[in-house]
Amino acid sequence: MVEASDGYRALFALPELDPSFTDRVILLADRRAGKPLDDRQGPLRIVAPGEKRPS
């Protein structure tokens, strides 16, 4: 479970993250284009390639 500063919560199940279940890569980013994320985007951001609706 991860929680954003605005209270939004997202839950990831083990099969979504564990390489023994999937080849999908989920990233936890603290930078974009080499620069720290701004207050609106960060300090950390989950990047889940292939998601149809980023949140």
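Only the coordinates and a few stated rules stand behind these numbers; no lab work does. The structure presented is a predicted model; accordingly, all values stated were derived computationally and were not measured. Glycine also receives a Cβ, built like all others from the backbone with ideal geometry; neighbour counts cover every protein chain displayed.
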Those residues of region 9-38 which are touching a strand residue (DSSP E or B) at 6+ places or on another chain (Cβ under 9 Å) and either part of a strand (DSSP E or B) or not aliphatic (A, V, I, L, M) (or both), in sequence order: Arg9, Ala10, Phe12, Leu27, Leu28, Ala29, Asp30, Arg32, Asp38
Number of positions in region 14-26 that are exposed (fewer than 10 other Cβ atoms within 10 Å of the Cβ) and within 23 Å of Pro43 (Cα to Cα): 0
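Exposed (fewer than 10 other Cβ atoms within 10 Å of the Cβ) and under 13 Å from the mean Cα position of the chain (by Cα) - does that describe any residue in region 41-52?
Yes, because at least one residue in region 41-52 is exposed (fewer than 10 other Cβ atoms within 10 Å of the Cβ) and under 13 Å from the mean Cα position of the chain (by Cα).
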